[in-house]
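Novice: Okay, handing you the structure first.
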Amino acid sequence: MKIAIASGKGGTGKTTIATSLAHSLAGSIKVWYLDCDVEAPNGHLFLNPIFTEQVDAVIRIPQIQPESCTLCGKCVEVCQFHALAKVAKKILVFNQLCHGCGSCTWNCPEGAIVEIPNPIGVLEAGLTKHGIHFLQGVLTISEPMPTPIIRQLKKWKTPPAQALTLLDAPPGASCSVVETLRGADFALLVTEPTPFGLHDLKQMLGIVDDMHIPCGVVINRDGIGNDQVDKFLAEKQIPVLLRVPFSKELAEGIAAGQTLVDILPDYRQKLQHLFEEIIHLVKVSYAK
Amino acid sequence: MNIIISALEADLESPICERFGRAPYFLSVDTETMAWEAHANQATMRAGGAGVAAAQFVIDQKVEAVISGDFGPNAAGALRAATIAMYLFNDDTKTVNQAVELFKENKLANFA
Amino acid sequence: MPNNTPKAKQLVILSGKGGTGKTSLCAAFAQLSSQAGEGNHAVFVDADVDAANLSLVLQPSLGQPNEFWGGSLAKVDPALCIGCGACVPVCRYDAIFPDPNRDDQVHWVDPIACDGCAACVYACPVKAISMVRQQEGNWFHSETPYGDLFHAELFPGRENSGKLVTLVKQHARLMAEETQSKIVLVDGPPGIGCPVISACAGADLGLIVTEPGLSGLHDLKRVLSTLQHFRIPSVICINKADLYPEGTLQIEKFAAEQATSIVGRIPFGEEIPKAMLQGTPITEFAPKSHPALAIKDIWENTTRMLFA
């Protein structure tokens, strides 16, 4: 079972909910946690894994072999991203524009292109003290593209069949979020009861709808806003699976790197119940 | 000498365009005869890599110099590799014509 | 066209971590910049194009949507496809496969997975695949009570390559020239990737809004590194500064190590979410409140550094 935790708006509490969920279930089932917010991964601050493995996350970029290159320019022609240019005596490659698609390499009539790995970040794996398998991707500063790292992170290791995989998505509603959600059985959307929260939640609902992923909502910081989010969700018949009221005590604990379960042990049961609800909703959606 | 100038419109009296990669037009000019031609910049239509696409266009024209307001790092890299000299507009180059004249008088700054 | 007025200064507001208060702060700045006698007339840009919230506070009269066309996606013509599958091994995005809704071998491209690389187009022996340009969103030029706002809405799930961010910024810069504005104020996206890089291109100053806590500090470090990499001078302000004093101390320590100024500390106050609910900048909603006064100070300090 794969559950992605997303939000649209940043700062609503994705990581808080994702790590708290992992913490509450770690005793009863095998939990794998994938931190897909590779630009600013924070899950490790709460679950404190001991990292034992690290590999480079790479994009395969073209390297032109000058002795075979005839400067025909076919590679420049096929590249959709303008990552190649032909000058008088050679072909130039622009790494940061390259998507690593391989098209230039396939299409070179002279076979003059080889692909070399261009590291754009790292993938790290380890175990937490509660036995959670923790994986994260970290984008290197100044590299523009997070999505290839997320793709590689998800393919890097295969959780056992009976494991629960939690994927903490990045904020926003663009392609890095889509890549995180791809293949998930359920999307848990964390929002706050404010106009910003509602606006961005609607973006997320558009995405999970397009991707045919069943979803449910957590309303975090309940009480700081209004009832617009509740009204909207009721109208659309989208289930609210948990409400976390705003409290300074929770805010301070989270700032200090604690999960909800660390701060208020009652949350262990609440989150286990949330998980059971999700299993039920997934079964129902498969039956449709 | 053949040079290219980034412009807002398609003739010699056109105002210059400060941007290189997404300039609407490139005007190629023969500085000796003042024969000129306007080319619509195809790079503006593209998603990313406009600087590289624009530079590739200029390189394919086989000119010796290009004048614009600024060159992004990718465009500059490509033009440098092709040994095409880059020059910058100043306060007195409001039109393409003025830019060509000042270029001929060696009054334009090189883009390093 | 070019005249002798100095170019507008560009201030970009970033955070690394989402939810620290960039947009609320930016809205307050917009209101302060429009005060009579302020002399720092500004044009505003919402660069968080896939989750654009600034207009929810600035309440503009919305301009007409301008279509934004981005990259292309591959499309198979079922009339031409012979089902040979030559396209499948060249696709690195698992985006092309036999159409599940058909019982022949005609292939289909999943538009959500497709990266737009066109490798399949070149691999197809019968030219059954073509690249189709996509409208990825819309951008707007809207009028707020405080000045012109340039913003955009990327359609959900699309590639946020930074091109749309660059586009709205360019339009804002042109408007700033036309109206001889002093400042282009850019409300940036969270993270450190392409849209952030586009948001900070050409900035004269970066203002990082952070919050005390492990996540806030961790992401502050990453976004500051990004600004330093692109050689953009930066300053920091701490939102909800009193919520976790230990965290605020850690930020101050880090800022001192990096020789980066802290231009202010905003105390946590209920006025901020209340102002957001009202759709009003806090400096207008509750001008005498502690947060509003702190923000006023930050505005004065930041603009002083911007024009130094």
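Read the figures in this text as sums done on the coordinates, not as results from a lab. Bear in mind the structure is a predicted one, so any value in this text is a computation, not a measurement. Cβ atoms come from the backbone with ideal geometry, glycine included; neighbour counts cover every protein chain shown.
Novice: Where both residues lie in chain C, what percent of DSSP beta bridges are antiparallel, nearest 5?
Specialist: 45
Novice: Let me ask you something else. Hey, got the dipole for chain C? About the Cα centre, +1 on K and R Cβ, -1 on D and E Cβ, debye to the nearest 20?
Specialist: Working: 24 positive and 32 negative charges, 148 e Å.
The calculation lands at about 720 debye.
Novice: If you don't mind, there's one more thing I want to ask. For chain A, modelled as a GNM with alpha-carbon contacts under 10 angstrom, which of A:D262, A:D227, A:D35 fluctuates the most?
Specialist: Of A:D262, A:D227, A:D35, the most mobile in the Gaussian network model is A:D227.
Novice: Dipole of the stretch C:1-139 (Lys/Arg Cβ +1, Asp/Glu Cβ -1, origin at the Cα centre): which of C:Q31, C:H107, C:Q134 lies farthest to the positive side?
Specialist: Value computed over the given set: C:Q31.
Novice: Tell me which GluC sites (Glu not before Pro) from the stretch C:199-286 have a DSSP coil assignment and no more than 12 other beta carbons within 10 Å of their own.
Specialist: Here the GluC sites (Glu not before Pro) that fit, given the DSSP loop and packing criteria, are C:E270.
Novice: On a straight-distance basis, which aspartates and glutamates could pair with C:K163 in a cross-link, Cα separation under 17 angstrom, same-chain partners fewer than 8 positions away excluded?
Specialist: A:E143, C:D46, C:D48, C:D50, C:E67, C:D115, C:E136, C:E153, C:D187
Novice: Here is a follow-up. In degrees from 0 to 90, rounded to the nearest 10, what is the angle of the helix A:266-287 Cα long axis to the longest principal axis of chain A?
Specialist: 60
Novice: At a Cα cut-off below 14 Å, give the aspartates and glutamates reachable from A:K90, other chains included and same-chain residues fewer than 8 away excluded.
Specialist: Within the straight-line limit of under 14 Å, A:K90 reaches these aspartates and glutamates: A:E67, B:D60.
Novice: Where does each of C:M131, B:M1 land when they are ranked from fewest to most other beta-carbon atoms within 10 angstrom?
Specialist: Details: C:M131 17, B:M1 12.
Least to most surrounded, the residues fall as B:M1, C:M131.
Novice: Determine the gain in length on full extension of the stretch C:F230-C:S261; use 0.36 nm per residue of separation and subtract their C-alpha separation, reporting nm with one decimal. Display every interim value, and only then the final one.
Specialist: Details: separation 31, 0.36 × 31 = 11.16 nm, distance 1.80 nm.
That pair, C:F230 and C:S261, stretches by 9.4 nm at full extension.
Novice: Give, rounded to the nearest 20 debye, the magnitude of the charge dipole that the protein assembly as shown has about its Cα centre when Lys and Arg contribute +1 at Cβ and Asp and Glu contribute -1 at Cβ.
Specialist: Working: 57 positive and 74 negative charges, 221 e Å.
Dipole size: approximately 1060 debye.
Novice: Over 19 Å between C-alpha atoms is what I'm after, so list which of A:K154/C:K17; C:K22/C:K274; A:K74/C:K127; C:K240/C:K274 land there.
Specialist: Beyond 19 Å: A:K154/C:K17.
Novice: Would you be so kind as to identify which of B:A10, B:M86, B:L108 lies farthest towards the positive end of the dipole of the stretch B:2-110, taking Lys and Arg as +1 and Asp and Glu as -1 on Cβ and the Cα centre as origin?
Specialist: About the Cα centre, the residue reaching furthest to the positive side is B:M86.
Novice: Fully extended, how many nm does the chain gain between C:L293 and C:A86 (0.36 nm per residue separation, minus their Cα-Cα distance)?
Specialist: Difference between extended and current length: 68.0 nm.
Novice: What does the average come to when, for each residue of peptide A:201-211, you count the partner chain Cβ atoms lying within 10 Å of its Cβ?
Specialist: Average per residue, whole number: 3.
Novice: Would you mind checking A:K202/C:K221; C:K9/C:K296; A:K231/C:K169; B:K62/B:K104; A:K9/A:K236; A:K129/A:K283 for any pair whose Cα atoms are more than 24 angstrom apart?
Specialist: Going by Cα-Cα distance, A:K202/C:K221; A:K231/C:K169; A:K129/A:K283 fall outside the 24 Å limit.
Novice: May I pose another question? Suppose R0 equals 25 Å. What FRET efficiency, 1/(1 + (r/R0)^6) with r the Cβ-Cβ distance, do A:K129 and A:A161 give to the nearest 0.05?
Specialist: FRET efficiency, A:K129 to A:A161: 0.50.
Novice: Please arrange C:D103, A:D37, C:D50 by counting, for each residue, the other beta carbons lying within 10 Å of its beta carbon, fewest first.
Specialist: Fewest-to-most ranking of C:D103, A:D37, C:D50: C:D103, C:D50, A:D37.
Novice: How large is the charge dipole for the stretch B:1-104, taken about the Cα centre, if only the Cβ atoms of Lys, Arg (+1) and Asp, Glu (-1) carry charge, to the nearest 20 debye?
Specialist: I would put it at about 480 debye.
Novice: When DSSP assigns beta bridges and you keep just the ones with both residues in the protein assembly as shown, what percent turn out antiparallel, to the nearest 5?
Specialist: Numbers: 60 of 118 bridges.
Antiparallel: roughly 50 percent of the beta bridges in the protein assembly as shown.
Novice: Using label points projected 7 Å from each Cα along Cα→Cβ, tell me how many nm separate C:V132 and C:Q278, to one decimal.
Specialist: 4.8
Novice: Let me ask something else about it. By count of other Cβ within 10 Å, fewest leading, how are A:I224, C:I238 ordered? Can you show the working numbers first?
Specialist: On the way: A:I224 18, C:I238 29.
Ranking A:I224, C:I238 by Cβ neighbours within 10 Å, fewest first, gives A:I224, C:I238.
Novice: Suppose only helical runs count, i.e. DSSP H with n ≥ 4. What mean residue ellipticity at 222 nm does that imply for chain A under -39500 (n - 2.57) per run, divided by all residues and rounded to the nearest 500 deg cm²/dmol?
Specialist: It lands at -10000 deg cm²/dmol.
Novice: For the residue pair B:E64 and A:V114, what label-to-label distance in nm results when each label sits 7 Å from Cα along the Cα-to-beta-carbon direction?
Specialist: 4.0
Novice: Positive end of the dipole of chain A, charges at C-beta (+1 Lys, Arg; -1 Asp, Glu), about the Cα centre: which of A:A88, A:L281, A:V208 has its Cα farthest in that direction?
Specialist: Looking along the dipole axis, the top candidate is A:A88.
Novice: Right, another one. Could you work out how far helix C:290-306 tilts from the main Cα principal axis of chain C, as a 0 to 90 degree angle to the nearest 10?
Specialist: Tilt relative to chain C: about 80 degrees.
Novice: Using a Gaussian network model of chain B whose springs link C-alpha atoms within less than 10 Å, name the residue from B:E18, B:E64, B:E32 with the highest mean-square fluctuation.
Specialist: B:E32
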